[in-house]
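Shown next, in structure tokens, is the structure this report addresses.
Quick note: the coordinates plus some simple rules give every number you see, no bench work behind them. A quick note: this is a predicted structure, and the numbers were derived from the prediction, not measured. Here Cβ is always computed from backbone atoms with ideal geometry, including for glycine, and neighbour counts include all displayed protein chains.
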Amino acid sequence: MKDLISLFFVFAKIGLFTLGGGYAMIPLMEKELSGKYMSKKDFLDTLALAQAAPGIMAINMAILTGYKVRSIRGSIFAAFGASLPSFVIILLLALFFATYQDNPIVRHIFMGVRPAVIALILVPVFNLAKAADITWKTIWIPVLVALLVWLGGISPVYLVIAAGLMGYLQGCLKGAQK
């Protein structure tokens, strides 16, 4: 039971102390999960799977980590821990935002938070690039994918499927060469 409660509080902390959701959560997730619940390599693999799976990445990460630690019960505790802070915060914001949305101070606060959120998203991008062994020879791949999504309007779903198939085929070719 102690590890279930620990999972709940780890993911509640992640959900409570990260602004911007998704990618902004990655540094805190890595700090809280790597070494305690999984290795750095397992973290990277779990993160890739959580991103590729449908749904909210943080919840997917909680479910996968919880399952690794304590099967179905671990998944439930971790997912509840990850979602509860957001639910409470959004509920409180919804109650008060209608009243204060036209307040210039509130608008300025939201404008000030935007650059911080962008920085919080860029940090894990660089950390993940380093962990994924992105080099000057392979940097063109994520750049091309980003451009295809941004300028080409191609759905990331198709690009993830294509990348998975290419990785599978590359693995088959390497296996056939041995």
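Here are some notes:
- On the beta carbon distance between LYS2 and PHE96, with R0 = 45 Å, the FRET formula returns roughly 0.80.
- Prolate/oblate/rounded label for region 60-137 (Cα gyration tensor, a/c 1.5): oblate
- Kirkwood Rh in Å, taken over all unlike Cα pairs in region 135-178: 11.7 Å
- Set against the 2.2 N^0.38 Å expectation for a compact globular protein, region 2-133 has a Cα radius of gyration ratio of 1.14.
- Length-normalised contact order for the chain - Cα pairs under 8 Å, 6+ apart - percent: 24 percent
- Applying a DSSP loop filter and a limit of 16 other Cβ atoms within 10 Å to the chymotrypsin sites (Phe, Trp or Tyr not before Pro) in region 1-69 leaves PHE17.
- Helices that extend 20 Å or more along their long axis by alpha-carbon positions and average at least 0.5 on the Kyte-Doolittle scale are, among the DSSP H runs of the chain, 2-16, 57-100, 104-131, 156-177.
- Cβ-based charge dipole, the chain, positive-most Cα from MET25, CYS172, LEU128: CYS172
- When VAL123, VAL145 are sorted by how many other C-beta atoms sit within 10 angstrom of their C-beta, beginning with the fewest, the order is VAL123, VAL145.
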